[in-house]
Amino acid sequence: MPAYTIGIDFGSLSGRAVLADVATGREIASAQLDYPHAIMDHQLPDGTKLGADWALQHPQDYLDVLDHTIPQLEKAVDPADIIGIGLDCTSATVLPVDASGTPLCFLPAYQNRPHAYVMMWKHHAGQEQAHRMTEAAIRRGEPWLERYGGKVNAEWYFPKLLEILEEAPDIYHAMAHYVEAVDWLVWQLTGRQTRSAGCVGYKTFYAGQFPDKSFFADLNPAFENVVEEKVSGPIVPLGACAGRLTKQAAERFGLKEGIAVATGNIDAHVCLPAVGIDGPGKLLAIIGTSTCHIVMGEKAVPVPGMSGVVDGGVMPGYAAYEAGQSCVGDHFHWFERTCVNSDLRAEAEEKHMPVQALLTEKASQLVPGESGLLALDWWNGNRSILADADLTGMLLGMTLQTRPEEIYRALIEATAYGARVILDAYRENGVPVDAFYASGGVAQKNALAMQIYADVLGMPVHIANAAQGPALGSAVYAAVAAGVYSEVGQAARAMGGVKNAAYEPIPENAAVYEQLYQEYRRLHDYFGRGENDVMKRLKALKARQMNA
């Protein structure tokens, strides 16, 4: 008898869903919806202005994704054969809700209040709170800090929550819970509030217990009881059944009441089984708007600058390490949006090509080093290994002869150099990386980028077979939650996989990129480790002038 699961990936700009055969992982159907409100980084829907480094989303967009995608998927099969559903979101994408789970931004009293909306992973306005958390943890000798790379990132849960307390205390006190978006979505489907073990492990400083309340009181006396007051719901392991689809949800989406709903997961982490990874030493980079780099190891060891290491953070029996780059696809979209001249746009229109496809075609005709350019890929700060949202991008080597495709290629190269910094950090600190896998939109669509990554990293790059890796990964976890497989590794071997051909390093390109990478590392350390804080001074001046 056929059986299928649904996986839905809530990304930065859209929600993507797949219907997968639980026996093979074969994609039966897919659907997608771009978020109607997109990313709110300048103003709210009513025109309320946002400050620097804000990045919000509207939770209604997530519900719209469910309403739009699930009915499309179930047309492909008998809905009675759909046995489970799994969800993933960008992590540390969080929102305040009342006791019933209603987002505060749905309530009329808070619709014009920025702090009542979803704070995305790339909301960096809490950098000051993150700095204070790092300083307090170091001063107090907090043992948990080394599991998070020795530095608190503004993207994580508690800096955002402290930001709300200190900037909008009425909203802080009005919320009953501060929840990860994926946990909130599971709540909507099951009627049961749970917390994903992955989300709390990586983004909420949880390793069997939270930091002592005296740590939170050290930051702000009103923050002392934050865990008891705002961090609620049972913590459920990955691959477990978080609950069953309620009658109300089943009627709304046309599914069978009582099917398994898997524990919510992190978009990057959930992708590992989608490419067939079932053990340590295989690094997966999910390359899209941003990039997450996930690799499993035999045991947990501290790695400076990492976003965390959690035992069982992807699969039982292994320590899973997370690192990331805050700006990759965003980088390329920024360039297309702001820096492409009218001649190139006209050429793309004449050739019926997307602008980035034309840029890629032209950039492919260049050889490494030909442009004379070098960039630092910090347009949205640095997540790993510097963990500093106040760093900004840089482009070096421009002349009056510099062409758009040269800059575009330099930006791609910069993201590859940033990936190598992360890979080197893993290896230097005792975490083996023997193979490199890639998934996500950039990996699927940009062959030039993947060849550059192979050349810069000096190792083959294996590409996910599934076009929507995280969505398939959520379907894999749903199959485990539904009882088809006993554990995630078994499901990964059956349902995951990569394309037959990999991108292999080209020796002559790799030799040039080795020279450029060493130059990148010099700039990386010079501007990123405090020798020259000009980026931060300029950013501070910008903020003062904007608020003048």
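The values are calculated or read from the model by the stated rules, or taken from the named source; none is laboratory data. All values derive from a computational prediction rather than experimental measurement. Glycine gets a Cβ as well: all are built from the backbone with ideal geometry, and neighbour counts include every protein chain shown. Note: areas computed on protein heavy atoms with side chains; ligands, DNA, RNA excluded. Shrake-Rupley method; radii C 1.70, N 1.55, O 1.52, S 1.80 Å.
Miscellaneous remarks
- Helix-only mean residue ellipticity at 222 nm for the chain, each DSSP H run of n ≥ 4 adding -39500 (n - 2.57), per residue, nearest 500: -11500 deg cm²/dmol
- Estimated FRET transfer efficiency when R0 is 25 angstrom, pair ASN112-ALA543 (beta carbons, to 0.05): 0.65
- Here the label points at LEU400 and ALA346, each 7 Å from Cα along the C-beta direction, are separated by 2.3 nm in the simple model.
- Proximal lysines to LYS75, defined as alpha-carbon separation beneath 24 angstrom and excluding residues fewer than eight positions away on the same chain: LYS247, LYS256
- Percent accessible area from carbon and sulfur atoms, the chain, protein chains only, probe 1.4 Å: 50
- The H on the amide N of TRP378, modeled in the peptide plane, is under 5 Å from the matching H of GLY393, MET394, each at least 5 residues off or on a different chain.
- In this structure, the amide hydrogen of GLN468, modeled 1.01 Å from its nitrogen in the peptide plane, lies closer than 5 angstrom to no residue at least 5 positions away or on a different chain.
- Compared with the alpha-carbon gap, the fully stretched path from LYS299 to ALA99 is longer by 68.1 nm at 0.36 nm per residue.
- Solvent-accessible area per residue, Å², over the stretch 455-548 with all protein chains present [probe radius 1.4 Å]: 50
- This model, with +1 at the C-beta of Lys and Arg and -1 at the C-beta of Asp and Glu, gives the stretch 336-428 a dipole about its Cα centre of some 100 debye.
- HN-Hα J in Hz across the stretch 14-31 - Karplus 6.51, -1.76, 1.60, θ = phi - 60°, x for Gly and Pro: 7, x, 10, 10, 9, 10, 10, 6, 6, 7, 10, x, 4, 6, 8, 7, 9, 7
- Couplings for the stretch 175-191, taken from phi via the Karplus curve 6.51 cos²θ - 1.76 cosθ + 1.60 with θ = phi - 60°, read 6, 8, 9, 10, 10, 5, 4, 5, 5, 5, 5, 4, 4, 5, 7, 9, x Hz in order; Gly and Pro are left as x.
- Neighbour net charge for ARG427 - beta-carbon separation under 15 angstrom, K R +1, D E -1: -1
- Computed on protein heavy atoms with a 1.4 Å probe, the accessible areas place TRP379, TRP121 in the order TRP379, TRP121, largest first.
- Rounded to the nearest 20, the size of the Cβ-charge dipole of the stretch 195-235 about its Cα centre is 240 debye, with Lys and Arg at +1 and Asp and Glu at -1.
- Charge sum, other residues only, whose C-beta stays under 15 Å from ALA502's C-beta, Lys/Arg counted +1 and Asp/Glu -1: -1
- Centre-to-centre separation between the Cα atoms of the stretch 310-373 and those of the stretch 391-420: 11 Å.
- Net dipole in debye of the stretch 102-201 [+1 Lys, Arg Cβ; -1 Asp, Glu Cβ; about Cα centre; nearest 20]: 200
- Qualifying lysines (Cα of each under 17 Å from Cα of LYS151; at least 8 residues distant if same chain): LYS122, LYS160, LYS203
- Looking at the stretch 370-476 alone, DSSP beta bridges between its own residues are antiparallel in about 50 percent of cases.
- In this rough spin-label picture, where each label sits 7 Å from Cα along the Cβ direction, the ALA467-GLU135 distance is 5.0 nm.
- Inter-site label distance for GLN209 and ASP81 at 7 Å from Cα along Cβ, in nm: 5.1
- Percent of beta bridges antiparallel (DSSP, the chain, rounded to nearest 5): 70
- Counting only lysines at least 8 places from LYS362 when in the same chain, those with an alpha carbon closer than 19 Å to its own are LYS351, LYS445.
- DSSP beta bridge pairing in the stretch 1-143, given as percent antiparallel to the nearest 5: 75
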